[in-house]
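K.L.:
The structure that follows is given in the form of structure tokens.
The values are calculated or read from the model by the stated rules, or taken from the named source; none is laboratory data. Every value quoted in this text rests on a predicted model; they were computed, and no experiment measured them. Backbone-built Cβ (ideal geometry, glycine too); neighbour counts: all protein chains shown. Quick note on the areas: whole protein, heavy atoms, side chains included, nothing else; ligands and nucleic acids left out. Shrake-Rupley method; radii C 1.70, N 1.55, O 1.52, S 1.80 Å.
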Amino acid sequence: MPPQLHLSPWEQGLSDQIKELKIKSGSHSPSVSMLRQAAPDIIFKIDACFLSNPYATDLFMSNLEREVIARGGLRALLEFYPAQNSTIAEQLGQTLNLRPENLFIANGATEAIQSVVHNFAKKKILVNLPAFSPHYEFAKTGHEMVFYYLDKKNNFELDLEDYLGFVRKEKPDTIILTNPNNPTGNYLRLAQMEYLLEALKEVETVVVDESFIHFAFEDPLYLPVSIAKLTESYPNLVVIKSMSKDFGIAGIRAGYGVMSEGRVKALLANGYLWNSNGFSEYFFRLCTQPKFWEEYEAIRKKHIIETQKFISQLKQIPMLRVYPSFGNFVLVELPDGYTARSVTTVMLGRYGIYVRDCTDKKGLQGEYLRIGSRSKKENDQIIKAFSQIFAPPAAAKPLWEKLFPKVPRRRP
Ligand SMILES: *Cc1c(COP(=O)(O)O)cnc(C)c1O
């Protein structure tokens, strides 16, 4: 009999409630506030379902308090229209050293993805699975979706030659990649991306979602990486970026797309004039300050280092299969006999820790959780909870004792 988790009647009830809320939330997870309302007796401690750098949220808050709230500027943020799309693009262009004409400011990366898929995808869209679900859910009627399955035997790494063979066979006009990928965490290095882009020149639109790129690294100094600049050499390339995870500000809806000037013009001719808001406008302005950027870089690296440590600690728990990750989260496969729902329920009910049950993720066979890396203190609590749940059964004797049972020694 494989080991199993035994749920108390209260935990069983909680498990059913989670299931019901999940149905209401579609392909995303119920939020903590939804869970709080439905099950007021849960004591929430850690949200490791949502993915963000918590130190970055602190940094944004302290700037907002000092520069806006303490100076009485909050009212103006709410009362007036935010800057227009192209005005914010000018600021962001300075920050990223990109031409503003190539920047499309979006109400979160989700809007950038939607606008690109709706305006530039023609007939056939290729998405790798498992994926961030809006990448395939935003297809319009008339779009044909094709999926390329990342192989778990290969740790969900993209096999470039096999993928290119698939593209040549299927001939999609639009392909969407996420780097690092969510929920698998696998990462394509800059050299691999350049190789792919060179080979994909015939594809009309190549979308690369770099929403987790701030957590990826290729050198011991964790210098920032991105292919955004390559949009200058590859006119078919569209790079999408969310600020929600790395800057910890999902609530203000800030994201952008980097693409050819013609495409930015086409999108702006269709709308999106005031699609930012006072807070995101302030955030983009903050990004132009070298001091903010310097402080952000320090906590970005701190979060990467702590995340990688967290992942290696999870790997120490013998029953879990922990996939390598360049995101600020990690995909974990559960041993036989454990379901993602029962572990999610126990984590929440006994420890107040909310993790992502990946049962609904297309392209994952087996029972998986996605665990977000939080602050160091919270990560330690998550490790402790998992170590307790997956502690080796106390009854099992070590092999040594089975082979050489202890014989009471006779007194001489
Ligand atoms: C979370 C996520 C997004 C959404 O970003 P928003 O800016 O909050 O809309 C986009 N892409 C990926 C891969 C994500 O995981």
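K.L.:
What pairs come up if the first residue lies in the range 95-123 and is touching a residue at least 24 places away in the same chain (Cβ under 8 Å), the second is within 12 Å of the ligand (Cβ to nearest atom) and assigned to a helix (DSSP H, G or I), and their beta carbons are under 6 Å apart, counting only those six or more places apart or on different chains?
P.N.:
Sorted first by the residue in the range 95-123, then by its partner, the pairs are 106/112; 110/134; 113/134.
K.L.:
Hey, among 245, 229, 241, which residue is open to solvent by 40 Å² or more (accessible area, probe 1.4 Å), at pLDDT 95 or above and of a type in the set (Lys, Arg)?
P.N.:
Criteria check complete, one pass: 229.
K.L.:
Please state which one of 7, 77, 98, 92 is surrounded by 15 or more Cβ atoms within 10 Å (Cβ to Cβ) and within 16 Å of the ligand (Cβ to nearest atom).
P.N.:
Just a single option satisfies the conditions, and that option is 92.
K.L.:
In the range 319-333, how many are open to solvent by 10 Å² or more (accessible area, probe 1.4 Å) and over 14 Å from residue 367 (Cα atoms)?
P.N.:
The qualifying residues number 2.
K.L.:
Kindly evaluate residue 189 against the criterion of being more than 18 Å from residue 325 (Cβ to Cβ) and either among the aromatic types (Phe, Trp, Tyr) or open to solvent by 20 Å² or more (accessible area, probe 1.4 Å) (or both).
P.N.:
When the stated conditions are applied, residue 189 does not pass them.
K.L.:
Restricting attention to the range 35-54, and to residues there that are more than 29 Å from residue 214 (Cα to Cα) and either among the hydrophobic types (A, V, I, L, M, F, W, C) or in contact with a helix residue (DSSP H, G or I) (Cβ under 7 Å, 6 or more places away or on another chain) (or both), which single residue is most open to solvent (accessible area, probe 1.4 Å)?
P.N.:
43
K.L.:
Which residues, taken from the range 112-142, are part of a loop (DSSP other than H, G, I, E, B), surrounded by fewer than 18 Cβ atoms within 10 Å (Cβ to Cβ) and at pLDDT 95 or above?
P.N.:
122, 123
K.L.:
Restricting the search to the range 250-287, which residues are acidic (Asp, Glu) and either more than 25 Å from residue 66 (Cβ to Cβ) or modelled with pLDDT under 95 (or both)?
P.N.:
Answer for the range 250-287, where residues must be acidic (Asp, Glu) and either more than 25 Å from residue 66 (Cβ to Cβ) or modelled with pLDDT under 95 (or both): just 261.
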